[in-house]
């Protein structure tokens, strides 16, 4: 197996892309430490790994909490004695803005600060938590889950209906951070790369699809699943860029990209951002 004897931490792995990554790394032989904020979804991921013959353990809690990051790192070291792979998957639109000053620009600051606290800062802090161990061993793979939103501008309709402008800015910052890590960590034999998923039908995009067919006039009355499949078909060129492969991405697609970057097949690849989007973004 490609990752036999390796230990991987996957954050935000209770469902969606994170779970897909954790399952694929485990199938490749890695011992996977699963993190998610919810006990039930975390347990489901661990159960799926163990039922398929893999090995895993978990730390439940909010990975935006620095104390939980240190607990996750220490659990991996105490349980397995090493950390070979860190997959930073945390990131989402926040449920609410961070309270800010009561002035005209306060709401703007509240949203941007919330996106920063959910998407960028936890990745930096979790990475810093494991780096002393990886530097000491002179070995490691850091993989950051960014987004196509960090590599291209989005249409006005995308920004108005589905994605806040700050989301793309945070994902672009993750790509820049990945490149910086590659420069700093190369002498320690540590690889740092990013994976940029396209539009994957996770819970977040299921909510977007439901909102589209209920709230956007031109789509009202459509079936949400059919509407989502239309993105890959190129049915909405005024909103989404064309996808040459004309098929949606799956969590397994993202997991396989992470597996490649975590394996020795990518030993000489660092500082890169790998697009997994069916060809939607071409820069």
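Each value in this text was obtained by applying a stated rule to the coordinates, not by laboratory testing. Small disclaimer: the values here were computed from a predicted structure and weren't measured. Methodologically, a virtual Cβ is constructed for each residue, glycine included, from the backbone with ideal geometry; neighbour enumeration extends over all protein chains shown.
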Segment 201-248, Rg to Rh (Cα coordinates; Rh as Kirkwood inverse mean 1/r): 0.95
Simple SL model, points at 7 angstrom along Cα→Cβ for residue 65 and residue 139; separation in nm is 3.3
Can you tell me the orientation of helix 224-233 relative to the chain, as the angle in degrees between its alpha-carbon axis and the longest Cα principal axis, to the nearest 10? 80
Helix 165-185 versus the longest principal axis of the chain: what angle, 0 to 90°, nearest 10, using Cα atoms? 20
Could you sort the peptides 19-29, 42-52, 161-171 by per-residue average Cβ neighbour count (10 Å cutoff), highest mean leading? 19-29, 161-171, 42-52
If I fit a long axis through the Cα atoms of helix 66-80 and take the longest principal axis of the Cα atoms of the chain, what angle between them do I get, 0 to 90°, rounded to 10? 40
Between segment 68-90 and segment 251-266, how many Å separate their Cα centres? 19
